[in-house]
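The values are calculated or read from the model by the stated rules, or taken from the named source; none is laboratory data. This one's a predicted model, so the numbers in the text were calculated from it and none came from an experiment. In this analysis, Cβ positions are derived from the backbone assuming ideal geometry, glycine residues included, and neighbour counts consider all displayed protein chains.
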Amino acid sequence: MLIFATSDKGGTGRSVTGCNIAYRRALQGEDVAYLDFDFGSPTAGAIFDIPDAERGVSDRGLHSYLRSGLEPVELDIATESNRESLRDMPPSSGRLVLVPGDRGGGEFGRSQELVPRCISLFNRLEQEYAVSVIDLSAGRSYAADLALAVTGDERMRQVTSRWLVFHRWTRQHIIAANGLVFGENGILEAGKLHGHDPQRLRDSIRFVRTAVVNLEAPQFTMGRPAQEAWSRVCNNDLKELAARNGLGLSTLLGEVPLDPVLQWREQIISDADVVVSKIANPATVEAFDAIAARLSEDSTWEGL
Amino acid sequence: MNAVAPSAEQGPLVVVGEIRTCLVQNFAALPDNFVGQMLKVVPGQPVYSSKRPVSHATSPDRLTGLDCALASYSRRKAHGCGTALSHATVTGGRILQGSARACLLPAGADQRRAWRHYLARPGVVEITTRADPDDLAEGFLADHGRDPALDLGAISERVIDEVQSWRRLDHGTPLRARRTRVLWAAVLDSEIKPSARITLERDEKVRTVRINASPGDLPRAMRFCEDLALHDWLLTTVSLALSQADRASALGRDPVELLQPVVDQLVPLWTPGAHVDPVMLPLWTGLERHPGFTHQWQLLVARMRDKIAYRMIQLRDGGRPWPAT
Amino acid sequence: MDVVFREKSDTPQIEEVALSHLSIEVGHLYREDLEDSDERLREQFRRAAPWIETAARTVKSRHGGKARVSTCFLVDDYTPADSQRKPAGPPSQIVEMLVETARSQGFTLDYIVRESGCALSADKPGVEPSAQVDLADIVAGMIVAEPDAGDNGSRPPTADSGWLANGKRAPKPDESAAMAPNPWQPPEEYGRRNHSIFVDVELWAKVEDWTSGAALLRRDFSCAFLAAVWQLMRLGMLRNEGKPVAQPYRLGTDPNLPAEWPDLPTVLQVNERAAPFSAYRAFSLLPHWYLPTEHAVRHILEHLSLDAAIVRQIAARAANERITLPESVTERLGYVFLDEC
Ligand SMILES: Nc1ncnc2c1ncn2[C@@H]1O[C@H](COP(=O)(O)OP(=O)(O)O)[C@@H](O)[C@H]1O
Ligand SMILES: [Mg+2]
């Protein structure tokens, strides 16, 4: 299964949430690959805490593969990461692998080679990994267009591909996410040009709300009553706005609460962060876990 | 296409190769006539095939131009220019291999020659530096890291990609499998006693095979390595399926879903030595003694069958664990 | 000792084709030029005739009076689908004109070949296009790009762009180092001595073909590429899965030629007693403006990986007949480029 992670804007939490979902999915027992297609800012190496790949690798990243056909490296998180919790995943977990981007980025080669190259790559990963999460860059990027062209190709029709659109829980982000999917040159329109069946493509898109403020947090319940009341009004307005923009409950895959750890640092949240050091919130991990599980839940992905 | 090199009176020959093995990207095993079409990668050249005991087909050979450094075990500098040969094989309509190789021969000259000189010697890389056969063979096997000097694996990988871009594959994935790599190096000398050594490298996907044989045995040695790579891949894939099944059980999921396709589709393909020339069979026999390929295989298959049987009984008894406590 | 990568039992049977000592190409003209009048043809044959005689005499003096020499003429009738060419008249007229004009200039024409038959070949008249052999594709599949220094297999050779170079192309200004004062860098011939003679030949153009209703990419082959196929045919170097291709079709005494050009077989034998069409060596008598084309042909041939079994077979037969053959096929080709006199 291919999971494309996208968002209308940068800084939405797409990479951090995507990496955490991949990690949770591996903990759930499946082999997972994470592909950093965000050619502008490949940050997954930093999130998984792999020193040599912090801002992408110096060669043999995804970018050089697409440009020149050089086989990309696969970094096994269990051996490459500096973090103990990632090195010591329980035996019931699957393998977690990062296919990093390149540090420099740069120009692509002739475009006619990109699609077949990408198809080869995805098909190969599909054989080996139950889930591949592909972090596309923000907005109507080149990577997103490539992903649509590739998944629209007849050679990929047996491969399940799903799209996660990450957005923050604010007015502007909701409107922007709507635009990315339904708007002019949005995913649906571009998908149609690449031979996707519009209905099927639409059914394979879900939204993920990131860094959502928890109104039950003491900050609100124990703060000023006026603040709390006003926040509730805002939240309800947003819910309405989301529903009107096609981002309502039926297309919602999950909601990740604002987490103190992630506010400070882009990282994987391990169970130890919640249970042992208690720096992260249990609700955050629960949210990642639930989203990871829903990736393959048929009832979640039934046609709307 | 046959690959022929001119006489080499200089002594032993070194042949190096890399084989990548994977599953054909199709839900069901491909019928023979489909395999024949899929492997037709060179117009006007025939696909070779044999049917028994499992069907096996080989694509025509392709050439890739090379002008690069060569690894040596002693780290002495070596350089070569010429071509590598590569082809794809399909076994049982199910397993696909990309196999690239080159014969390393001393060059008469120390400069690159006109291209037609190398094209008249397909599959030969002429070494423009002085080099010892053993040193080159072991150097090649040790050089399986990220940036190898001579990257035959990438050539094999491209053969696989090209074959799989055939329009009529459905690109379905009936079971999960990893692509394995077998690097092999043969030193061919008329004075030498045939032998083979297989090493499982630290990188889980990599095995290296060192062969000694007589020069006339080159095609057979290559077939032997492809057969070895195929059976090693079967072992790897079945072990992987078993560990996935164990994980699935631990997490309360049904392991049979994972195991059934493996039993149905892969178990019948275990036929070590079937497509290997009798001359090479002693090498198989040696590997059967140590590390005991077929013995390992039988154990793994038995474990899979046990798990499936156990699950069937569970289901028959209404999903209760068995034996009932 | 030989290094053979394949088991004996796997080796396909390479069928033999009959071989002359020498094949002489007596000319090569556009179909239209022949249809308009016989003037150009007469001129070409007048200039070629003395060379034909000399070549035949030379071969016989070396290999005895029974040495086999055949003559052939190539009609350029290759029509990429969308090019504007004059509709063709009936082939029989041109065939007769060629045979008669040769006779009037004092030599016998043995074979007439149509160039489009070098792309898709047929042994008989009226073969359906789908049943014809894709000769150009077979030859295109033999191309092996020359490696650049440092090529170790990691990267695929630059894709199928339809061009073939004998060196490293000049980098595009935007690919070279940024802000360099002079962004232009020259191309470089591989293995050059001091200076380069850089050659880059167009083999085919990819065009969209809508004849089937949907866009399919089709290759329109260049004249140079088809001429390379033609030279290989003359040297007996081509097979389809081991079987001979484009074998001469004997016209016989009662010429019942098809009315349309595409229905003609590739090689038409117009002299009942002709020596074999293919030969150990090929000699061409061409107008001087064919020089760049033939240079391109030789360049293409030097980048082909010919079937080693065929190469060996022909070498063995030559040795049997005590003929010394150069290893490289390009060295088996000879030319005279005819000037105006
Ligand atoms: N649930 C969350 N709670 C708090 N901060 C978050 C949360 N998710 C992401 N962030 C933070 O938001 C910032 C942007 O996240 P990132 O994943 O880099 O975004 P993108 O990939 O969309 O550009 C990072 O600093 C990250 O730690
Ligand atoms: Mg990011």
Test: B:Pro12 is surrounded by fewer than 21 Cβ atoms within 10 Å (Cβ to Cβ) and either more than 10 Å from chain C (Cβ to nearest Cβ) or touching a residue at least 40 places away in the same chain (Cβ under 8 Å) (or both): yes
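Conditions (1) of a type in the set (Phe, Trp, Tyr); (2) outside any loop (DSSP other than H, G, I, E, B), marked per residue:
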{"position": "C:Phe225", "(1), (2)": "yes, yes"}
{"position": "C:Trp230", "(1), (2)": "yes, yes"}
{"position": "C:Ala246", "(1), (2)": "no, no"}
{"position": "C:Pro258", "(1), (2)": "no, no"}
{"position": "C:Pro265", "(1), (2)": "no, no"}
{"position": "C:Glu272", "(1), (2)": "no, no"}
{"position": "C:Phe277", "(1), (2)": "yes, no"}
Search result, residues across segment A:225-262 that are at pLDDT below 95 and within 16 Å of ligand 2 (Cβ to nearest atom): none
Qualifying residue in segment C:173-188 (condition: away from chain B (no Cβ under 14 Å), modelled with pLDDT of 90 or more and not in a loop (DSSP other than H, G, I, E, B)): no
Among residues of segment A:263-275, those that are closer than 18 Å to A:Arg24 by Cα and away from ligand 2 (no atom under 16 Å from the Cβ), counted: 7
Subset of segment A:24-65 [surrounded by fewer than 22 Cβ atoms within 10 Å (Cβ to Cβ), within 16 Å of ligand 1 (Cβ to nearest atom) and not in a loop (DSSP other than H, G, I, E, B)]: A:Ala46, A:Glu54
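Residue-by-condition table, conditions (1) modelled with pLDDT under 95; (2) farther than 23 Å from B:Glu226 by Cα; (3) more than 10 Å from chain C (Cβ to nearest Cβ):
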{"position": "B:Lys77", "(1), (2), (3)": "yes, yes, yes"}
{"position": "B:Leu85", "(1), (2), (3)": "no, no, no"}
{"position": "B:Thr91", "(1), (2), (3)": "no, no, yes"}
{"position": "B:Leu119", "(1), (2), (3)": "no, yes, no"}
{"position": "B:Val124", "(1), (2), (3)": "no, no, no"}
{"position": "B:Leu136", "(1), (2), (3)": "no, no, yes"}
{"position": "B:His171", "(1), (2), (3)": "yes, yes, yes"}
Flag if B:Val238 is more than 19 Å from B:Glu18 (Cβ to Cβ) and more than 14 Å from every other protein chain (Cβ to nearest Cβ): yes
Pick from segment B:250-273, criterion exposed (fewer than 15 other Cβ atoms within 10 Å of the Cβ) and touching a residue at least 40 places away in the same chain (Cβ under 8 Å), ranking: farthest from the chain's Cα centre (by Cα): B:Asp254
Scan of segment B:64-78 for residues that are in a loop (DSSP other than H, G, I, E, B), of a type outside the set (A, V, I, L, M) and either touching an Asp or Glu at 6+ places or on another chain (Cβ under 9 Å) or not assigned by TED's automatic domain parsing to the domain that holds B:Gly123 (or both), ordered by number: B:Ser72, B:Tyr73, B:Ser74, B:Arg76
Those helices (runs of 4 or more DSSP H) lying entirely in segment A:98-196 with at least 2 residues within 14 Å of another protein chain (Cβ to nearest Cβ), modelled with pLDDT of 90 or more and closer than 24 Å to B:Arg179 by Cα: A:114-128, A:142-152
Which numbered condition A:Ala5 misses (of (1) among the small types (Gly, Ala, Ser); (2) within 14 Å of chain B (Cβ to nearest Cβ); (3) within 13 Å of ligand 1 (Cβ to nearest atom)): (2)
Hits in segment B:174-186 (condition: at the interface with chain A (Cβ under 7 Å from one of its Cβ atoms) and either surrounded by 22 or more Cβ atoms within 10 Å (Cβ to Cβ) or within 9 Å of the chain's Cα centre (by Cα) (or both)): B:Ala177
Where C:Asp134 falls short, out of the listed (1) without any contact (Cβ under 8 Å) to a residue 60 or more places away in the chain; (2) more than 14 Å from every other protein chain (Cβ to nearest Cβ); (3) of a type in the set (D, E, K, R): (2)
